[in-house]
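Down below is the structure, laid out as structure tokens.
The values are calculated or read from the model by the stated rules, or taken from the named source; none is laboratory data. Predicted model, so just to flag it, every value in this text is computed and none were measured. Glycine also receives a Cβ, built like all others from the backbone with ideal geometry; neighbour counts cover every protein chain displayed. We work out accessible area using only protein heavy atoms, side chains counted, and drop any ligands, DNA or RNA first. Shrake-Rupley method; radii C 1.70, N 1.55, O 1.52, S 1.80 Å.
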Amino acid sequence: MAVKIPYRRELDFSYGKIEQIAPLVRRVVAENPSPFTHFGTGTYILGTGNVAVIDPGPADSDHIDALLQGLKNETISHVLVTHTHMDHSPGCALLKEHSDAKTHAYGPHGAGKLEQGVPVEEGGDMDFVPDQLVRHGDVIEGGDWSVECVYTPGHTSIHMCYALRETKSLFTGDHVMAWSTSIISPPDGDMTAYLSSLDLLLKRDDAVYWPTHGPSVIDPKAHVQAFIDHRKERSDQILKCVGEGVELITEMVPKMYVDTPEFMYPAAARSVLAAMEYLVTTGQVVAEGGVKLNSRYRPG
Ligand SMILES: [Zn+2]
């Protein structure tokens, strides 16, 4: 039986308008809708007076203007970045033209993989260099808010979630979203790390998640568990394909993603590749010539 993920997709918002969505939390959505960003990038504002901004979003001057205009009587004291995809961090450079706030992140794009000796040279905002590096467990304090850094590699190697301690809210970036699964695309994306980062969230007691895209996750643990079960199901599908002698990822994708439109197949193939890396790492599958898109795979 297929795993049912309790998706939520509706979002009540207007582009360019800062809205109070919870105590100490405001949001403005950038107008960059796509199959990967849902309605667009939600930039969060934490606190009042001296505020933190999470994920300034794409290099969109209208979006940054809306943010600055709405906060003209307040001060941005911190900019927190979940990760360096083009819909999350490039807005930092525009914001810096008008604000002295320091940017905080785990590192530049690919930094988490570089620590393991794996260079990642594309797929992100290569211009972004955080002013301040943050690590798991770090606490950042502002006026009426404080944030704990929760390192969650997987979607990317530097992915960081931020927990607003006053309201037990976790800002999950692209790690856990209500409307969609996360894309895990190697080399920067890493399924083994992603699954550990999901387990990590199961051990926490956050009351709600605020992802960068789409609505909140209102039942965090059930949602995370469904994602874990979903990945397990995908692994089982791959093992079944491999067991039946289907050796190529391009041949597995149409069998595994029967309800997915064909234009999404390249993304699906990268997702299968990510799962394959996990299955090869754990000895369940053997790859001929390394874990690559066009390699042949056999039972381990
Ligand atoms: Zn992303």
Original post:
Tell me, what ³J(HN,Hα) does each residue in the stretch 26-40 have, in order and in whole Hz, if you take phi through Karplus 6.51 cos²θ - 1.76 cosθ + 1.60 with θ = phi - 60° and put x for Gly and Pro?
Top reply: 10, 8, 10, 9, 7, 8, 10, x, 5, x, 9, 10, 6, 6, x
Subject >> Gain upon complete extension [ASP219, ALA93; 0.36 nm per residue less C-alpha separation] >> reply: 41.9 nm
Subject >> Whole-number accessible area per residue in Å² for the chain, which is evaluated in the context of all protein chains at 1.4 Å >> reply: 44
Original post:
Under the definition of Cα pairs under 8 Å and six or more residues apart, what whole-number percent is the relative contact order of the chain?
Top reply: 14
**OP:** Taking all protein chains together and a probe of 1.4 Å, list THR84, THR167 from the most accessible to the least accessible.
**Re:** THR167, THR84
Subject >> Cross-link partners of LYS255 among lysines (Cα-Cα below 29 Å; sequence separation of 8 or more within a chain) >> reply: LYS4, LYS232, LYS240, LYS292
**OP:** Mind telling me which of ASP259, ASP87, ASP205 comes out most flexible in a GNM of the chain, alpha-carbon contacts under 10 Å?
**Re:** ASP259
Subject >> Accessible surface of the chain [probe 1.4 Å, protein heavy atoms]: carbon and sulfur percent >> reply: 52
Original post:
Using 20 Å as the cut-off for backbone N distance, which residues of the stretch 6-20 belong to the label zone defined by a point 7 Å from the Cα of ASP259 along Cα→Cβ?
Top reply: 6-11
Original post:
If you stretched the chain out fully between ASP229 and LYS168, how much longer would it get, using 0.36 nm times the residue separation minus the C-alpha to C-alpha distance?
Top reply: 19.5 nm
Original post:
Given the protein chains as shown and a 1.4 Å probe, how many square angstrom of GLU115 are accessible, to the nearest 10?
Top reply: 110
Original post:
Once amide H atoms are placed 1.01 Å from N in the peptide plane, what residues at a sequence separation of 5 or more from MET177, or on another chain, have their amide H within under 5 Å of its amide H?
Top reply: none
Subject >> Taking all pairs of distinct alpha-carbon atoms in the stretch 19-226, Kirkwood radius in angstrom >> reply: 16.7
Original post:
Tell me, Kirkwood radius of the stretch 1-125 from alpha-carbon pair distances, in Å?
Top reply: 15.6
Original post:
In whole Hz, what ³J(HN,Hα) sequence does the stretch 182-195 give by Karplus (6.51, -1.76, 1.60; θ = phi - 60°), x for Gly and Pro?
Top reply: 8, 7, 10, 10, x, x, 6, x, 8, 5, 4, 5, 4, 5
**OP:** Note the angle between two axes, namely the Cα long axis of helix 220-243 and the longest principal axis of the Cα atoms of the chain, as a number of degrees from 0 to 90, rounded to the nearest 10.
**Re:** 30
Original post:
Under 17 Å from the 7 Å Cα→Cβ point of LYS102, by amide nitrogen: which residues of the stretch 129-157?
Top reply: 129-143, 146-149
Original post:
Stretched out fully, how many nm does the piece from ALA267 to GLU19 gain, at 0.36 nm a residue minus the Cα gap?
Top reply: 86.0 nm
